[in-house]
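A.B. asks: What follows is a structure written as structure tokens; I'll ask about it next.
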Amino acid sequence: MDEAKKAIPLLRKIGLDPVVGLGLTGVLLFFVLSALVAYLNLQTLQEDTQKIIQSHDVIVAFDGLLSSMQDAETGQRGYLLTGNDKYLERYHSALSAIPSGIAAIAQLTAHNPVQQRRTTDLKPHVEARLARLKEAIDLRRDRGQEAGAAIVDLDRGKFEMDAVRAGLSAMAQTESELREKRVAEMNDAYRTALASGILSGLLGIAVTFFVGFLIRRSTLARRRDE
């Protein structure tokens, strides 16, 4: 209130009606505030969008790891059946991709303690399954097809692979639920931004008309004085 009283002499000194000047100041503050609210809404939308993209990347990483494990199995089976090293190309390619796939999952879920713990639990099953695959390949190479087929018949790696599938499935389910939640949050933020924008526009129109009214009244009063 004191600041407003101090501003009145200044407004008169520059030839501006105090009421109009205060009205224009109010309009300026209103639009500054509206711009700030719009900026905050955009920031929220951007953050929500980034989180959704991250959840999608995590799910893709899960699928990539499972696909690499299956490629390793496929390459191994082809070699055990034929003895042709050509099938091991797929196996070795998968071996190169699996560590980076696990590292990608660990990095993408660094913010999520539950997923981090599941990733840690997943690694021993992956390593055990790969060890079983290598064991069968080595036996096939050293002792022939029957030896390699015999260890496959024992199905020693099935439990490990089932554990890998179950672990990745549970992690993907959690991430899908998280993504759905983030989509809902983004939709809420979008509706809030839209409502805020409409309200700011309407209030801006109302304030502009009000200031116009003050200016017209001030002009008429000045003419009467003249």
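A.B. asks: Say each of residue 28 and residue 215 gets a label point 7 Å from the Cα, pointing the same way as Cα to Cβ; how far apart are those two points in nm?
C.D. replies: For the pair residue 28/residue 215, the computed spacing is 1.5 nm.
A.B. asks: Of the cross-linked pairs 86/134; 134/158; 51/181; 86/158, which ones have a Cα-Cα span greater than 19 Å in the structure shown?
C.D. replies: The pairs that break the limit, which is 19 Å between Cα atoms, are 86/158.
A.B. asks: Modelled label-to-label distance, residue 57 and residue 127, 7 Å Cα→beta-carbon offset: nm?
C.D. replies: Each label point lies 7 Å from its Cα, and together they span 2.7 nm.
Bear in mind that the values in this text are calculations on the coordinates, not laboratory data. Nothing here was measured: the structure is a model prediction, and the numbers come from that model. Cβ sites come from the backbone with ideal geometry, for glycine too, and all protein chains shown count toward neighbours.
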